[in-house]
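Notes follow once the structure below has been shown.
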Amino acid sequence: MKSIFIKNKQYLIILFAGFLLQSCNTYKTIDLEQTQLIKNEFYKIKQRHKFVKVQMLELKSTTMVVLDNAQRRRIVKADIKKIKVRKPSIFQKIYCYPRKVRDNFMYALQSIS
C-alpha cells in the first residue's frame, strides 16, 4: 500500500515541476508610437475586434509585413488599435536564461582555446 502512495506522490511532484517550468509567455501592451518594433519578434495585434498572434518580418514607416499562420500579411499601422509584445514568464527567466548564459560562456571558452 505504501509503495503505491509513494509512486503517486513522485508522479505528482514531476507533474508539478513540469507545470512550474513550462515555457509560458505573457504579453505586455506597448505604445506603437513610442516603442521601436523589432524584426522577427512575436506580437499580438488588435485591428478590429480580436487579437492575432503574428511575427514581425518587415517594418516600414506606414506599413508592416507580418507572418500570420504561415502567410505573409501587410498591415497598415494606422489600422492597429492595440499591440502587445511577448515577454517570457518568470519561470522561463529563472530556468532557461541562466542555461543560455552558461552555454554561451562555455562556447566562448572553447573558441578561445
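The values are calculated or read from the model by the stated rules, or taken from the named source; none is laboratory data. Given the structure is predicted, the values throughout are model-derived calculations rather than measurements. Areas reflect the complete protein model, heavy atoms only, side chains present, ligands, DNA and RNA absent. Shrake-Rupley method; radii C 1.70, N 1.55, O 1.52, S 1.80 Å.
Below, the figures for the structure above:
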read-out: For F51, solvent-accessible area (1.4 Å; no DNA, RNA or ligand), Å²; value: 80
read-out: K60 accessible area, 1.4 Å probe, all protein chains in place, Å² to nearest 10; value: 100
read-out: Accessible surface, segment 21-74, averaged per residue in Å² (probe 1.4 Å); value: 74
read-out: Amide hydrogen neighbours beyond the local backbone of L59, cut-off 5 Å, H modeled; value: V65
read-out: Distant-in-sequence amide H partners of Y27 (H built 1.01 Å from N, under 5 Å); value: K87
